[in-house]
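These notes are about the structure you will find just below.
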Ligand SMILES: Nc1ncnc2c1ncn2[C@@H]1O[C@H](COP(=O)(O)OP(=O)(O)O)[C@@H](O)[C@H]1O
Ligand SMILES: [Mg+2]
């Protein structure tokens, strides 16, 4: 009952904002200006059911913890869409429903070429979010799916910069600060031109401008990508995303997962290379020598700053972009930490998971609960 009330109230509020009628709804323009017009509408169940072939399994393009995503073509204008449908079982779970509505509430207010574009929602026969289709799948599937072509260095560097732009927009470019809380390769989707788009705002939070940070419980996110202050104290701010972005960069460079099959963390693998400067050994062996050394230096330098244990010594996304897009020499001195801070940094150690008994309670692809991976 409680969750039904929640749905009614939340939906009323949400549906009164940003909604456009069919006629007003703009046709796709290929617009790449940073601030695109906000517009979304309510779809009928009939429309999305027709588009996806009645949610035919052949059209299933992704599955997260509590939702399935189907591709489809709208009958009216032949537009390619992705329909994210909350699993029927999750409909009785108020928390999942709230997460779903959070996603609608957040993503309906954002508009940037590097953020997934919401087209609308459908609240008949369940809860559905309708997005523009990112036809190339996620960065994760392109990195790890052996049936897909190996991503080139150029594509990887563009993905790093584009994702940084999208995240900088969420932190600084929106009317309200948005902390995504689940930045990872499976939540960054790719257009057919390999342009990255940040998606999955189920855990996102708006942060009032006067708050320096926010303490959140329970701690949710993805194992292997969580910042120490969040992991230990539930503290969330922009730097939580910056940390996860650092792990994302390591994954894009190396082609390794944040936690591999033997439960080794990417962070503990990468630290020795970053510390002794042997960065060329970090490059995904599948791309051989076909990479740009200056870009590699930038990516690894930025990654090493982003994954600092001390949040205040991590860069902001604006600084990340300056470093990634800069053309001059990087000046490490500017980012040098005082000795006491460095010692503190070394005190933190990234642990790998020992075995299944220690692993997080959920090890699904959309892992939203965490276990031990870090100790102080
Ligand atoms: N707009 C989209 N276009 C193409 N595939 C998508 C789209 N949105 C989601 N997907 C696919 O579905 C998967 C799960 O979607 P996501 O929003 O991350 O759900 P969850 O919240 O359950 O993790 C993604 O990893 C991706 O593969
Ligand atoms: Mg996801």
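A few notes on this one:
- Segment residue 89-residue 147, length gained on full extension (0.36 nm per residue, minus Cα span): 17.7 nm
- Rounded is the label for the range 139-374. Its Cα gyration tensor axes, ordered a ≥ b ≥ c, give a/c under 1.5.
- Order of 102, 152, 240 - criterion: other Cβ atoms within 10 Å of each residue's Cβ, fewest first: 152, 102, 240
- Over the range 139-374, Cα pairs under 8 Å with separation of 6+ residues give a relative contact order of 21 percent.
- By definition, a body whose alpha carbon gyration tensor gives a ≥ b ≥ c is oblate when a/c is 1.5 or more and a/b is not larger than b/c, and the range 187-266 fits this oblate description.
- Peptides 248-257, 226-235, 154-163 ordered by average Cβ neighbours within 10 Å, highest first: 248-257, 154-163, 226-235
- Potential extension, residue 76-residue 327 segment - 0.36 nm per residue separation minus Cα distance: 85.7 nm
- Reported to the nearest whole Å, the Cα centre-to-centre distance from the range 228-249 to the range 36-76 is 32.
- Taking packing as the residue-averaged number of other Cβ atoms within 10 angstrom, the listed peptides 81-92, 188-199, 48-59 run from highest to lowest as 188-199, 81-92, 48-59.
- The packing ranking of peptides 326-332, 205-211, highest mean first, is 205-211, 326-332, where packing means the average number of other beta carbon atoms within 10 angstrom of each residue.
Values quoted throughout were computed directly from the atomic coordinates according to the rules given, and no laboratory measurement underlies them. Just so we're clear, the structure is a prediction, and the values are computed from it rather than from any experiment. As a convention, Cβ positions derive from the backbone with ideal geometry for all residues, glycine included, and neighbour counts pool all protein chains shown.
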